[in-house]
1. Would you check if C:LEU119 is more than 7 Å from every other protein chain (Cβ to nearest Cβ), in a helix (DSSP H, G or I) and surrounded by fewer than 22 Cβ atoms within 10 Å (Cβ to Cβ)?
2. If C:ALA83 passes every condition in (1) within 18 Å of the chain's Cα centre (by Cα); (2) closer than 21 Å to C:VAL31 by Cβ but one, which one does it miss?
3. Quickly run through the range C:60-73 and pick out the residues that are free of Cβ contacts under 8 Å to residues at least 40 places away in the same chain and within 14 Å of chain B (Cβ to nearest Cβ).
4. Can you confirm whether B:VAL184 is assigned to a helix (DSSP H, G or I) and under 19 Å from B:ALA43 (Cβ atoms)?
5. Could you say which residue among C:LEU182, C:LEU190, C:LEU148 is among the hydrophobic types (A, V, I, L, M, F, W, C) and facing chain B (nearest Cβ under 7 Å)?
6. Filter the range A:20-32 down to the residues that are at the interface with chain B (Cβ under 8 Å from one of its Cβ atoms) and among the hydrophobic types (A, V, I, L, M, F, W, C), then identify the one that is surrounded by the fewest Cβ atoms within 10 Å (Cβ to Cβ).
7. Give all pairs with beta carbons closer than 8 Å in which a residue from the range A:168-182 that is polar (S, T, N, Q) meets a residue that is in a helix (DSSP H, G or I) and modelled with pLDDT under 85; count only pairs at least 6 apart in sequence or on separate chains.
8. Here is a list: A:GLU35, A:GLU59. Which entry is surrounded by fewer than 14 Cβ atoms within 10 Å (Cβ to Cβ) and either at pLDDT 85 or above or among the small types (Gly, Ala, Ser) (or both)?
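The values are calculated or read from the model by the stated rules, or taken from the named source; none is laboratory data. Given the structure is predicted, the values throughout are model-derived calculations rather than measurements. Heads up, the Cβs are rebuilt from the backbone with ideal geometry, glycines too, and the neighbour counts pull from every protein chain shown.
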Amino acid sequence: MSSGAKMILALIIVSVGAGVVLAVVYNYANPKIEEHAALRLADSIGAVLPEASSFTKLESADVSFDPSSFADEIYLGHDGQGESVGLAFVVTGPGFQGGIKVLIGMELPGCTIGGVRVLEHVETPGLGARIEEDWFTEQFIGKEASGKLDKEIDTITGATISSKAVTNIVNDYVYKIAQELIPQLGVLERGSR
Amino acid sequence: MFADLVRGLWKENPTFRMMIGMCPTLAVTTTATNGLAMGLSVAFVLVCSSAMISLLRRQIPSEVRIPCYIVIIATFVTVADLFLAAFLPSIHRVLGLFVPLIVVNCIILGRAEAFASKMPVSRSILDALGMGLGFTMALVILGSIRELLGFGTLFGTRIMWEGFTEWVIMILPPGAFFTLGLLVGLINWLSTNLSKGSALRLRAGRRAKDGTASVHIHRVGSGQ
Amino acid sequence: MEQLVFIFIGSVLVNNFVLVQFLGICPFLGVSKQVDTALGMGMATTFVMSVTSVVTWLLNRYILVQFGLPFLQYAMFILVIAALVQFVEMFLHKVSPALYRSLGIFLPLITTNCAILGLALLIALREYTLIQSIVFSLGAGLGFTLALVIMAGIRQELAYSNVPKCLQGSGIALIVAGLLSLAFMGFSGLVPV
């Protein structure tokens, strides 16, 4: 066999072998990975919408508007009887060191905040990272979509910018969704589910 | 044989002596646990790729060896990444981008080139194991220091006393650079002085033997 | 447009690849002894980064995502990078043999520069558009070059100082890097990321 053919053959065998190994491992691991992600999501939504026992994701096919224009992901929470109890939405906003991903639960029909959870952030450990702490996020529970949350939420000492960032994110998105999305949601309710 | 294993632990420690594979070393050593996880992942990829490359060393033509090595290494890295994501998701999230970056970790390609492509499988595995353990050791040391001073904990358990104010800087990028720099300096100093000590003892022994009274003022070997 | 400016400034200063994200440390420590070598390396890396970002973006979008092969991402990306570096080497050899010679061994080492692979992965992770990817990679390259050149300038001066024996070489370089990183922390919050 010429050396050129030998080179190509070696490359092909190694590549195909690698591809096969990866495909097999992927098929084995992927279900578990998705399972973890689903569990995390259910856990988080349960934390911000305590009354919801199940939830469905809002896709643009199901509703009259485009969910992605409001948030990264929107979920409709239902209680045991299938009634809608609230919305949970994942939004991203600018923080001090980078983007902050927040999950906000909004209870219906009052548009009050059911809970807030910081999902991802790159804030300073020990300082800005304290936005994860319960006492800070619990302040949001029960607040209305007034658009003036910055006056009602205490910031964290030594982490003014990070905590203000979260407050602004929650404030802006809750206000916007209460004003613009909820009215459109009425259409969804009457339709099916 | 045993020498193959021990080499990577001290004399040719990838982090402190050869100064390779620096990126994950600085990035993920915010806690000792993270350092341990990254070190073991690299060790896993190192051992598997070295073994595979050594096994195939006579089959792969020299001209295409680098692309072949890269594919093999990338495969094992993807396997490690998928494994972590499936079974240790919280660690996977912390290590983040640096798991796939193991693909370009100079340690692995370097060992493949320098050793695994020329040596039998058993020796390659020992060499890889030594390097991997040496790397893990370095990462755990670095991670422990940063965690202890930056969080006050070690492997998650609180060690420092109650009133201790955490040195947050240790967890941030500058802390990583400072700690590693000082550690490298310390290790250099240690290895210079350890060899100085043994050479001095040797010299004293020789003087006693030939009984001369002359004083030797002699600067003993410089390390770096 | 504003978004693009933020991405650019973000990758040059706020999230500098070397001093904040720890990507590209090996060449940073290895090639930063002389300012002109550092500059040459930085520019070569920037060039490779820009081309890589485009090729891997296209690869990711039209092949990996299209055919559902996420597990092949790492292998394909690194092969593309290796091939591109080969081309750049040949290109430089023809166009500027002087630069080719002065960069010497460092050119093939760009393949193992984690900054390049890191760049490709970050772009895929953050789901940037093609334009955003190009701007991001230019910023990353510039930031990398900046860090390298500053470091080289300092190290050139450092050669005349009394550095303790044990810290000479890598030790003091790391400490200087720490100080630079500390300085760059001042850029936090400069742009909303």
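1. Considered against the rule, which asks whether it is more than 7 Å from every other protein chain (Cβ to nearest Cβ), in a helix (DSSP H, G or I) and surrounded by fewer than 22 Cβ atoms within 10 Å (Cβ to Cβ), C:LEU119 comes out as no.
2. (2)
3. Answer for the range C:60-73, where residues must be free of Cβ contacts under 8 Å to residues at least 40 places away in the same chain and within 14 Å of chain B (Cβ to nearest Cβ): C:LEU64, C:LEU69, C:PRO70, C:PHE71, C:LEU72.
4. When the stated conditions are applied, B:VAL184 does not pass them.
5. Being among the hydrophobic types (A, V, I, L, M, F, W, C) and facing chain B (nearest Cβ under 7 Å) holds for just one of C:LEU182, C:LEU190, C:LEU148, which is C:LEU182.
6. My answer is A:VAL21.
7. Between residues of the range A:168-182 that are polar (S, T, N, Q) and residues that are in a helix (DSSP H, G or I) and modelled with pLDDT under 85, the close pairs are A:ASN168/A:ASP150; A:ASN171/A:LEU149; A:ASN171/A:ASP150.
8. Step by step, each of A:GLU35, A:GLU59 is checked, and only A:GLU35 is surrounded by fewer than 14 Cβ atoms within 10 Å (Cβ to Cβ) and either at pLDDT 85 or above or among the small types (Gly, Ala, Ser) (or both).
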